[in-house]
């Protein structure tokens, strides 16, 4: 395979101003793609003191010799997704890859079991995790169909595959991410005849800067949890980026509608 298998392609990564999204954006750039960095806050890395190699993630991508555009907007609303796609098309003229990474588990843990979760937490998690992926996928579909090809990669979570992984907590988040997983399968069936592949990554316990700083308060990333992971370590950003590379390159040319759990073996049941 070429060292730059994505040369000439254009990718959008949502939630890419820090953490896993930033890792995805940088990996795509290293593979040859021009990358649009989308986030509700393009300076989000500052919130958790995540060290960048340049002023912003788009600047990091430009330093790799790729073109990059930063788009700040609210993808929880359909008009935000449509504006993102239109700006990408205006700037680059095509869209080959969409990574629906925007999201997170931001609802209070103490009320996050299925029997307690309030409407506002359910709505918030559906908006940021599921609806953002739905709206962005629908927005890029016409352009991908017109060029008879494209790749969409959604980001779910291992908690969507096995509820026991969070001991019954984070239910609003896990339910929203389960919807993302099912959306992946339905999009794959819908868009496959147009040459568009749609797959999903389900990260486990990943060592992002945000998780490192919030782990103790949320009862995460401790020695007890490490012992439950067959590979006996937490995941790094590059572990997920490696799977993304497989899903966006010709290596996975006959793979669609699938979910790959990147969890060190924490989930050992079929997805």
(request) Scan segment 88-96 and give yes if some residue there is modelled with pLDDT of 95 or more and more than 21 Å from residue 248 (Cα to Cα), otherwise no. (result) yes
(request) Could you figure out which of (1) buried (at least 17 other Cβ atoms within 10 Å of the Cβ); (2) modelled with pLDDT of 85 or more; (3) touching a helix residue (DSSP H, G or I) at 6+ places or on another chain (Cβ under 6 Å); (4) within 18 Å of residue 24 (Cβ to Cβ) isn't true of residue 208? (result) (2)
(request) Search segment 117-156 for residues being in contact with a helix residue (DSSP H, G or I) (Cβ under 8 Å, 6 or more places away or on another chain) and in a loop (DSSP other than H, G, I, E, B), and hand back the single one that is nearest to residue 14 (Cα to Cα). (result) 156
(request) Identify the residue in segment 220-236 that is modelled with pLDDT under 90 and in a loop (DSSP other than H, G, I, E, B) and, among all such residues, is nearest to residue 110 (Cα to Cα). (result) 220
(request) Could you pull out the residue among 89, 84 that is part of a helix (DSSP H, G or I) and touching a strand residue (DSSP E or B) at 6+ places or on another chain (Cβ under 6 Å)? (result) 84
(message) Which numbered condition in (1) part of a loop (DSSP other than H, G, I, E, B); (2) modelled with pLDDT under 95 is the only one that residue 74 fails?
(response) (2)
(request) With respect to residue 179, determine if the residue is in contact with a helix residue (DSSP H, G or I) (Cβ under 8 Å, 6 or more places away or on another chain) and part of a helix (DSSP H, G or I). (result) yes
(request) List the number of the failed condition for residue 53; all other conditions in (1) closer than 18 Å to residue 237 by Cα; (2) part of a strand (DSSP E or B) hold. (result) (2)
(request) Could you list, in sequence order, all residues of segment 237-254 that are surrounded by 15 or more Cβ atoms within 10 Å (Cβ to Cβ) and in a loop (DSSP other than H, G, I, E, B)? (result) 249
(request) Exactly one condition in (1) assigned to a loop (DSSP other than H, G, I, E, B); (2) touching a strand residue (DSSP E or B) at 6+ places or on another chain (Cβ under 9 Å) is not met by residue 107; state its number. (result) (2)
(message) So if I check each of 84, 98, 75, which one is buried (at least 22 other Cβ atoms within 10 Å of the Cβ), in contact (Cβ under 8 Å) with a residue 24 or more places away in the chain, within 24 Å of residue 242 (Cβ to Cβ) and under 18 Å from the mean Cα position of the chain (by Cα)?
(response) 98
(request) Please verify whether segment 164-171 includes one or more residues that are under 19 Å from residue 262 (Cα atoms), assigned to a helix (DSSP H, G or I) and either out of contact with any helix residue (DSSP H, G or I) (no Cβ under 6 Å at 6 or more places or on another chain) or in contact (Cβ under 8 Å) with a residue 40 or more places away in the chain (or both). (result) yes
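The values are calculated or read from the model by the stated rules, or taken from the named source; none is laboratory data. Since the structure is predicted, the reported quantities are computational estimates derived from the model, not experimental observations. Cβ coordinates were reconstructed from backbone atoms using ideal geometry, including for glycine residues, and neighbour counts include every protein chain displayed.
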